[in-house]
Amino acid sequence: MQQTVDAFFKLLEFLVVVCLVAMVIMVFGNVVLRYGFNSGISVSDEMSRYCFIWLTYIGAMVAMREKAHLGVDTLVRRLPLGGKKLCFFLSEILMLLCNALFFWGTWKMHDLQVTNISVVVGISMIWIYGIGYVTASVMATMNLHKLVLLLTGRLSEADLVMVVESEDKIVLENLDTEVRGRA
C-alpha cells in the first residue's frame, strides 16, 4: 500500500514539473514571438494560467504530505504530551472540515463550470476547477489517516509537532552547539 501512495505522490511531483515546464515554454515562447516577430500564440496565455492553477493545487497536496506548509509551533513544542495530542487532533479536524467545505464548494459550482467554456481554448472549465475534487479528497484522506494514527496511539511525540524544521535552522543550531562546545 505504501508503494502505491509513494508512486501517486511521485506522479503528482512529476505533474508539478510538467506544469512548470509548460508554463515556462508557453510564456517565454509567447514573449519571443511578440517582441521578435510581432505575433503570438493566444492559447498560451490561457493554458499557462490553467497550468498555474493546477500547479498550485497539486503542489499543495505534495507539500501537505511533506509537512512543508507554513506553521508556527512555538506553543505546541512547549505543551505536555496531552496538549500536543489535543492540538494535533483539533488541527486535523479543522483541516478535514476545510477540505469537506472545499469539496462541497466545488460540487456546488460543478454545473456552472461544466457549461462554462473557456474563451480561447474552448474547453469546459470543470477541467480547470475540477482539481478541487482531487485536492480536497487527497488532503481529507491524509487528515483521516493521521487521525486514525493518533487515535490508535501510533504517533510519536515528535510526529505531533506538524512543522518540519528548515534546513537552515538546523544548520544554525548545529553551529551554535559546536561553538558552545568549544567554549
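Side notes on the structure shown:
- Residue that is on the phi < 0 side of the Ramachandran plot, touching a residue at least 24 places away in the same chain (Cβ under 8 Å), among the β-branched types (V, I, T) and not in a helix (DSSP H, G or I), where the choices are V16, V72, V76: V72
- Residue in the stretch 31-41 that is surrounded by 12 or more Cβ atoms within 10 Å (Cβ to Cβ), among the hydroxyl-bearing types (S, T, Y), outside the structural domain of D159 (by TED's automatic domain parsing) and under 30 Å from V121 (Cβ atoms) present: no
- Verdict on N38 being at positive phi and modelled with pLDDT under 95: yes
- Residue under evaluation W107, criteria (1) among the aromatic types (F, W, Y); (2) surrounded by fewer than 16 Cβ atoms within 10 Å (Cβ to Cβ); (3) modelled with pLDDT under 95, criterion not met: (3)
- Any hit, the stretch 119-129, residues being closer than 18 Å to M142 by Cα, part of a helix (DSSP H, G or I) and of a type outside the set (A, V, I, L, M, F, W, C): no
The values are calculated or read from the model by the stated rules, or taken from the named source; none is laboratory data. Source: prediction; values computed, not measured. Note that each Cβ is placed from the backbone with ideal geometry, even for glycine, and that neighbours are counted across all protein chains shown.
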